[in-house]
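Working notes for the structure below.
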Amino acid sequence: MVIFDLIIAFATVCVAIVLSMRSVAYFPLWRAVVTPLASIIGSGFLLLGPILNIGYGGYAPLIMLVLCFVAYLFGGAIRYNIASGEKAIQDGDFGPLAIRIETLSSWALAFAYIISVSYYLNLLGAFALSLTPFKSGFDAKLLTTAVFITIVLVGWSRGFKSLEKMEYVSVSLKLAIIAGLLVGLMAHFGHRALDDALIFNPEKVTGWSAVTLTFGLLITVQGFETSRYLGSEYDARTRIRSMRLAQWLSTAIYLVYILLISYVFRPDQMSPSETGIIDMMKIVAPILPFLLVAAALASQFSAAVADTSGSGGLFAELSRKRISERQAYLLLAVIGIALTWSADIYAIVSYASRGFAIYYGLQAGLSTVIAAKQQAGWHRVGFYGLLAALAAVIAVFGQSVE
């Protein structure tokens, strides 16, 4: 175990050093990739391992592949809209229907951000107390509520500019810890394979229940859409490339991660709680739970700040300043705290998945209108139309983990 700890620590430090190098940190394409990549593999990385393994057993990697593939299809619709030109959409080049859909999707995203912030901060509360004596659900909700209030007060008084400077540091820390985690899991998997002790667990959910549970997990691979809203920093071509690269990298990371944990843990070694991954990683190496908690605190707080800021800006812009950013922060906190005390983390995950499914569906609908206006061919128009219909099905039938 000590050797595993040293290997994991060494890998984590090496990746952290590489990511902190000026030539890497300020490389334009990497900077553009970091934002969507961090969003995609943030919270999902903490939740997906136990959920997929308990629910789908040895078929967990296949479900992970399906989730990433569906997310990539939705990403393709958003990339098509970026390439078509956001200004052209707003200027009415694709007709009034495109403008209405774009405005409606922005409202949908603003409300989806509200739910996602609740999701991030509830995870933060659970992980922050997971290695302490105060790890009850009630204590976690109290901490989550306190962080909500803190974020709103900061946004109300001074704005988030000072906190947003922490983004690259927190992202680098999270990616370095994930690298260390994967190295540790590779060593553990190899050790189990040499001992001929790999396991193929049976699935617990089947049929339509398995499909609707997958729908409810869409939020765990969400985040790629952030590339679209970096127009003030990067041109359309860079944003398209950054989103595509972020989705490829996150898919590779997720598939390797799920593959490495799907065949080494027995059902009695897995917990359905939101911090179940910590109990699993204790078996691999003692250092991993502490690294995971550090990653959770850094990533969830920075993600919550980013989405709070984004939501406030969207509400102010869409309401033409009738709703100020400060009022939007207060609205977010009220809804988020209400969700915290009325629903468990998995219900919030399901709500957030539905919210983003609505947004992705509207973006696919926008792609359908643009493709029709551009006379891009019936196959492209039909494809985006079917994608919009799939998002509607996900929004209606997505279920939370029981």
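The values are calculated or read from the model by the stated rules, or taken from the named source; none is laboratory data. Quick caveat, the model's predicted, so the values are computed rather than measured. Don't worry about glycine lacking a Cβ; one is built from the backbone with ideal geometry, like all the others, and counts go over all protein chains shown.
Quick notes
- Residues of region 287-318 satisfying the condition of being surrounded by fewer than 18 Cβ atoms within 10 Å (Cβ to Cβ) and within 18 Å of PHE127 (Cα to Cα): PHE290, ALA294, LEU297
- Residue in region 282-297 that is over 30 Å from ASP268 (Cβ atoms), touching a residue at least 24 places away in the same chain (Cβ under 8 Å) and not in a loop (DSSP other than H, G, I, E, B) present: no
- Restricting region 129-159 to residues that are polar (S, T, N, Q) and crowded, with 17+ Cβ neighbours inside 10 Å, the residue that is nearest to ALA296 (Cα to Cα): SER130
- Taking (1) more than 17 Å from the chain's Cα centre (by Cα); (2) crowded, with 16+ Cβ neighbours inside 10 Å; (3) over 27 Å from GLY85 (Cβ atoms) in turn, THR238 satisfies each apart from (3).
- The one condition in (1) closer than 30 Å to ASP5 by Cα; (2) without any contact (Cβ under 8 Å) to a residue 12 or more places away in the chain that HIS379 fails to fulfil: (1)
- Residue satisfying condition, being surrounded by fewer than 20 Cβ atoms within 10 Å (Cβ to Cβ), touching a helix residue (DSSP H, G or I) at 6+ places or on another chain (Cβ under 7 Å) and assigned to a helix (DSSP H, G or I), within set LEU330, LEU339: LEU330
- Region 213-237 - residue that is of a type in the set (S, T, N, Q) and either modelled with pLDDT of 90 or more or not in a helix (DSSP H, G or I) (or both) and, of those, nearest to ILE358 (Cα to Cα): GLN222
- Region 271-286, subset surrounded by fewer than 19 Cβ atoms within 10 Å (Cβ to Cβ), touching a helix residue (DSSP H, G or I) at 6+ places or on another chain (Cβ under 7 Å) and not polar (S, T, N, Q), residue modelled with the lowest pLDDT: PRO272
- Among all residues of region 363-370, there is none that is in contact (Cβ under 8 Å) with a residue 24 or more places away in the chain and either of a type in the set (Phe, Trp, Tyr) or under 22 Å from ILE149 (Cα atoms) (or both).
- Considering residues of region 241-258 that are among the small types (Gly, Ala, Ser) and under 24 Å from ASN53 (Cβ atoms) only, the residue surrounded by the most Cβ atoms within 10 Å (Cβ to Cβ): SER250
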